[in-house]
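First the structure, in the form of structure tokens, and then the observations on it.
Read-outs: derived from the displayed coordinates by stated rules, not from any lab. In this text, all values refer to a predicted model and were calculated from it rather than measured experimentally. Here Cβ is always computed from backbone atoms with ideal geometry, including for glycine, and neighbour counts include all displayed protein chains.
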Amino acid sequence: MKESETAAQFDVVIVGAGMVGASLACALAETGLRIAVLDSQAIEVRDVSSDSFDPRVSAITAASQAFFRSLGVWDAIMARRASPYTDMHVWEADGTGSIHFSATAIHADVLGHIVENSVILAALHERLMRYDNVTLLSPVTLSALRSPVAVTDAGTQGLVQLSLADDRHLSTSLLVAADGANSRVRELAGFNTREWDYEHHAIVTTVRTELPHQQTAIQRFMDEGTLAFLPLCQDGGAEPNDQHYCSIVWSVLPDYAHSLMALDDRHFAQALQGAIENRLGDIADVDKRYSFPLRQRHAAGYVQNGIALIGDAAHTIHPLAGQGVNLGLLDASALAKEISQAHAVGRSFADQRTLRRYQRRRIGHNLGMMWMMEGFKQLFADQPLPLRWLRNAGMTALDRTAPLKNRIMRSAMGIE
């Protein structure tokens, strides 16, 4: 990795050094392209504390695990801390419907891994710092950009011009926005989006439970929202030494979220314990809580001349199934493949043909997942009693239909 105060021109500039942007940079690093990664926060390898957990976690699927392994970072993630889960139990409040997913049913070792975002970032940033052709610029703020209007007279794609708040100027053949849901690149480039509020707020924290989670993720649907307990362990590897920690994601109506956030830890623990129907016994400890509004957003198109959107800059979905970061990682993998293949045969990796191939590979899949999550949200919203009965009957029927249930598991894991 090289640091440069006067760097001006790059082949690829990635704005955003989060999990998706850093993964794309790692995937492209072996091509020899000149890459710059910009972020508003310092890009560094942070220590992972052994006695506290990052409240931000991701449910990493088998497909995302394979991508991380191809980047050479999966072993570093596991060496720090990752929590495998083998089962998932989902049920509905005030009803009899429930579904149990198990890795053994599809002859897999695990359904996935719950990994703290800081752990993934540490492994990715550590990897990025090994490359001489990757320049890390942080903390910086993007203040303006000018995209090429069309190809030049010579028939080549023009350069995207970037201006930073510290008066530095960069140019690049391809600008990639990986700067999150409130993407500055997307805004400056004038991408159109379709978006609406979910009318839910998410509360996230880490708790210690009386009973061990037994490597099982549990999720309960309620009229006012959805509550998930995601298993954590203090050490990486397949044999966690303590199964009493869980990351929680509680999606509730805004007024209820405000009242829950106003509770002290003891009363919040009691509310949480009741909401999960005491499945893990007493909630012994609650870490600091965070709350944020949930919003659905999807860009009408992912590409323009010399610019591509990936991850949350292109799409955000409800955290219901933990698919958000996995969709972003699939974006990064697909874009990296298109760029690498074009570069390998001497074709422009920033032209519309290459970028539209990336868009075609990802936009339909992402939209499908988004509408599926919206359907689940509407399905489990407060409904009249007859519809609740049908919903419970449907969940029970699905649980008894092994081929369909196993197909859903494989699809969620990204192995179909």
Putting +1 on Lys and Arg Cβ atoms and -1 on Asp and Glu Cβ atoms, find which of Pro212, Asn192, Ala108 reaches farthest to the positive end of the dipole of the stretch 87-213.
Asn192
Identify, among His315, Thr226, Leu253, the residue whose Cα sits farthest towards the positive end of the charge dipole of the stretch 198-344, taking +1 on the Cβ of Lys and Arg and -1 on the Cβ of Asp and Glu, with the dipole about the Cα centre.
His315
Residues Ser171, Ser251 arranged by fewest to most Cβ contacts within 10 Å
Ser171, Ser251
So, relative contact order of the stretch 98-206 in percent, Cα under 8 Å, 6 or more apart, is 15
Roughly how many debye, to the nearest 20, is the charge dipole of the stretch 199-307 about its Cα centre, given +1 on each Lys and Arg Cβ, -1 on each Asp and Glu Cβ, and no other charges?
400
Would you work out if the stretch 318-362 is rounded, prolate or oblate? Take a ≥ b ≥ c from the square roots of the eigenvalues of the alpha-carbon gyration tensor; rounded if a/c is under 1.5, else prolate when a/b is larger than b/c, oblate otherwise.
prolate
Using every Cα-Cα pair within the stretch 282-357, state what percent have a distance larger than 19 Å.
51
Could you put Lys337, Lys288 in order, starting from the residue whose Cβ has the fewest other Cβ atoms within 10 Å?
Lys288, Lys337
Quick note on Val286, Val252, Val325, Val13, ordering by fewest other C-beta atoms within 10 Å, gives Val286, Val252, Val325, Val13
For the stretch 81-93, just list the computed ³J(HN,Hα) in residue order, Karplus coefficients 6.51, -1.76 and 1.60, θ = phi - 60°, integers in Hz, with x standing in for Gly and Pro.
4, 8, 10, x, 10, 9, 9, 9, 10, 10, 8, 10, 5
Placing +1 at every Lys and Arg Cβ and -1 at every Asp and Glu Cβ, with all other atoms neutral, what dipole size does the stretch 39-110 have around its Cα centre, in debye to the nearest 20?
220
Between rounded, prolate and oblate, where does the stretch 178-273 land on the alpha carbon gyration tensor, with a ≥ b ≥ c its root eigenvalues, rounded for a/c under 1.5, else prolate if a/b exceeds b/c?
oblate
Which whole-Hz ³J(HN,Hα) couplings does the stretch 328-341 yield from phi under the Karplus relation 6.51 cos²θ - 1.76 cosθ + 1.60, θ = phi - 60°, glycine and proline marked x?
x, 5, 5, 4, 4, 5, 5, 5, 4, 5, 5, 5, 4, 5
Limiting things to C-alpha atoms, what are the Rg and the maximum Cα-Cα separation (Dmax) for the stretch 45-151, in angstroms?
19.4, 61
Tell me the trypsin sites (Lys or Arg not before Pro) within the stretch 62-116 that lie in a loop according to DSSP and have at most 11 other beta-carbon atoms within 10 Å.
none
